[in-house]
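Written below as structure tokens is the structure these notes are about.
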Amino acid sequence: MKIAIAQLNPIIGDISGNAKLILDAAQRAQNLDAKLIITPELSLIGYPPRDLLIYPSLIKAATLELEKLAKDLPSEIAVLVGTVTFNSQAPNTGAKSLFNSAVLLSNGQIQQTFHKQLLPTYDVFDEYRYFEPGKTRHFFTLENSPNSSENLAKVGVTICEDLWNDEAFWGRLNYTCDPMKELAAQQVDFVINMSASPYRAGKQKLREAMLKHNTNRYQIPIIYVNQVGGNDDLIFDGCSVVFNSAGNVIYRAQAFETNLAIVEFNCAKKDLISVNLENINFPETEDEEIWSALVLGLKDYVYKCGFSKVVLGLSGGIDSALVAAIATAALGKENVLAILMPSPYSSDHSVKDALELAENLGIAKQIISIDNLMKDYDKSLSNLFTGTNFGIAEENIQSRIRGNLLMAISNKFGHLLLSTGNKSEIAVGYCTLYGDMNGGLAVISDVPKTRVYSLCHWLNEQAVNHNQNFSGAKNLLIAEKQNIIPPNILTKAPSAELKEDQKDQDSLPAYDILDDILFRLVENCESLDKIIAAGHDSEVVNKIVKLVMRAEFKRRQAPPGLKISDRAFGTGWRMPIAKKLVMNK
């Protein structure tokens, strides 16, 4: 029997629109003779819905739409839909009022409902805030043809985290039950996992290792169906995958794109097999993977928030260059506006480099000098600032002038302002509130400076090789260019150019050193002693840790950013602002 995998990109809260996505996919799957189509976790309302779930009107709308969808679906196919359902026992028990559920629809009706058992509460996840965990293991019987017991499949249903609790794989149990182990005891023929698993660099390798371990342990095939698309700070990479009972991958869906594919369950062999599946081009390097994620994240954020065009400040530096390239790939050159705002401290080559980049990308550009605005500020503040030396306050005024100009353009024309700061700068507070931190989306706020350079070098390699096949290339027209990023941007010393001859390394260690310290501190949560023992200077480590802790108030006021790492400064980062922390041991 044929089974369809629908890798969908839902919009959170767009219940009727998401139902149409599911219906369209089901109709296509029926035309391919599929008997079952599987959608991702919470596919009807989008993931993560967060506090939308506290509004009864949303839950009522989802319930009504689910009933309508059941009637609208083709009668010859069964559909597993991810949605929320009411917990009828909640008023009498004090339990949560909702379940995170998978609902089986067929023959115009809701046939069975399955509840997610394991509710994550780490990093960006807070599911126990809303949902009651399911208590029973679930399966259903799928018929290939009526009245034939030889064409039946016993199908186990799990939802995302339900498969992430194998003690042998992790070395411990994070929850008291293991749904996969219990489904195996019920002798299901294969297991479905409906997921909304957010992207981070390299995560697919971990997912597949975990799934392979489960199939090898129980000799049970697994169909893993993941959501794709960007929702706020989270990016979902798709990468749906199917393992047969021998632990071999028989299908991988396209990364970062919607997808519909068919696999087949061989009833005689009790195994999943591939069915004339097309070749899938996966990102070949981590740089390409991250690039593809950022392009998708930006594109969906702009579209799902109701924008069509973006504006950004183009300084001639590497960060704004990368953001401009990502925006062009995501939205097309006609939808990107670059603003150059030179000051007396801006070097001639920075302006030249910014203009060359804009020309390479084919994006619109405007130059607005801030010399006179700086003089006006100096004049207005002259009495109050008399007798003081030029310092950070004056430097930040320049950044805030630029921030105000960019916000004015954003307001006037309805463009979304993109912030261009990287993770290294945001971590240590090397950025200006109400200045370069202005914006509706911080595109590379989870990308360390060293990775910014790596991505730009990689992008130029694609241009040199005239590679139009890598993800996100269609709007860049790289075959016409030898470089996207001007070489001078890659080789000159990074600088904010807020005073004469300023360099980033006047205030910070070299970025390879800084990024290693930050990785150990932010992502690995290492102590000062351990970071120093790794070979870093104790004075430098202490300085960086203090900067990170002091900059929390800035990060709290930063625009949302796209998450590509284990530990981003977003919804999963819950650090107090007022604190005193001992980290020596």
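What follows draws every value from the coordinates through simple rules; no lab data is involved. Remember, it's a predicted structure, so these values are computed and weren't measured experimentally. Neighbour counts run over all protein chains shown; Cβ positions are idealised from the backbone, glycine included.
In the chain, taking the dipole from charged Cβ atoms about the Cα centre, the farthest positive-side position among Ile484, Ser538, Ala90 is held by Ala90. Peptide packing: for 250-257, 451-458, 155-162, the average count of neighbouring Cβ atoms within 10 Å per residue gives the ranking 155-162, 250-257, 451-458, highest mean first. Spin-label model, Asn216 to Lys546: label points 7 Å out along the Cα-to-beta-carbon direction sit 5.0 nm apart.
Taking the DSSP beta bridges with both ends in region 1-122, the antiparallel portion is around 65 percent. Dipole of the chain computed with +1 at Lys/Arg Cβ and -1 at Asp/Glu Cβ about the Cα centre; of Ile280, Ile339, Gln557, farthest Cα towards the positive end is Gln557. Distance between the modelled labels on Thr176 and Asp537, one decimal in nanometres: 5.4 nm (7 Å Cα→Cβ projection). Overall, region 25-82 carries a charge dipole of about 60 debye about its Cα centre when +1 sits on the Cβ of Lys and Arg and -1 on the Cβ of Asp and Glu, all other atoms neutral. Assuming charge only on the beta carbon of Lys and Arg (+1) and of Asp and Glu (-1), the dipole of region 278-433 about its Cα centre is about 820 debye to the nearest 20. Packing here is the average count of other Cβ atoms within 10 Å per residue, and on that basis the peptides 356-367, 332-343, 40-51, highest first, run 40-51, 332-343, 356-367. Which pairs in the list Lys60/Lys203; Lys35/Lys68; Lys203/Lys449; Lys60/Lys299; Lys203/Lys333; Lys375/Lys543 are over 28 Å apart, alpha-carbon to alpha-carbon? Where the Cα-Cα span goes over 28 Å, the pairs concerned are Lys60/Lys203; Lys60/Lys299; Lys203/Lys333; Lys375/Lys543. Could you pull out every whole DSSP H run in the chain that spans at least 15 Å of Cα extent along its own axis and averages 1.6 or higher on the Kyte-Doolittle scale? Helices meeting the span and hydropathy rule in the chain are 318-331.
Please report, in debye to the nearest 20, how large the charge dipole of the chain is about its Cα centre when each Lys and Arg carries +1 at its beta carbon and each Asp and Glu carries -1 there. The partial results should precede the final answer.
Working: 58 positive and 67 negative charges, 242 e Å.
Taking the Cα centre of the chain as origin, the dipole is about 1160 debye.
Taking 0.36 nm per intervening residue step and subtracting the Cα-Cα distance, what contour gain separates Leu23 from Gln482 on full extension? Write out the running numbers ahead of the final one.
Details: separation 459, 0.36 × 459 = 165.24 nm, distance 4.47 nm.
Between Leu23 and Gln482, full extension yields 160.8 nm more.
By the rule of a C-alpha distance below 18 Å, with chain neighbours fewer than 8 residues away ignored, the lysines paired with Lys135 are Lys96, Lys116, Lys181. One chain, two ends: Lys60 and Thr93. Fully extended at 0.36 nm per residue, the span grows by 9.7 nm beyond their Cα-Cα distance.
Computed extension length for Lys269-Thr136: 45.1 nm, one decimal, from 0.36 nm per residue of separation with the Cα-Cα distance subtracted.
For the chain, taking Cα atoms only, Rg and Dmax work out to 26.2, 94 Å respectively. If we count every other residue with Cβ under 12 angstrom of Gly230's Cβ, Lys/Arg +1 and Asp/Glu -1, where does the sum land? Within the 12 Å Cβ shell, the charges total -1.
So how do 389-395, 219-225 stack up, highest first, on mean other-Cβ count within 10 Å?
Details: 389-395: 11.9, 219-225: 24.1.
Packing order, densest peptide first, comes out as 219-225, 389-395.
Of all aspartates and glutamates in the structure, the ones whose alpha carbon falls short of 19 Å from that of Lys379, not counting any fewer than 8 places away in one chain, are Asp371, Glu394, Glu395. The calculated 222 nm mean residue ellipticity attributable to helices in the chain amounts to -11000 deg cm²/dmol, summing -39500 (n - 2.57) over DSSP H runs of n ≥ 4 and dividing by all residues.
Farthest toward the positive end of the dipole of region 287-503, out of Gly421, Leu498, Ala408, is the Cα of Ala408, where the dipole comes from beta carbon charges about the Cα centre.
Between Glu67 and Met575, how high is the FRET efficiency from 1/(1 + (r/R0)^6) when r is the Cβ-Cβ distance and R₀ = 51 Å? Nearest 0.05.
Values: r = 44 Å, r/R0 = 0.86.
With R0 = 51 Å, the Cβ-Cβ based efficiency is 0.70.
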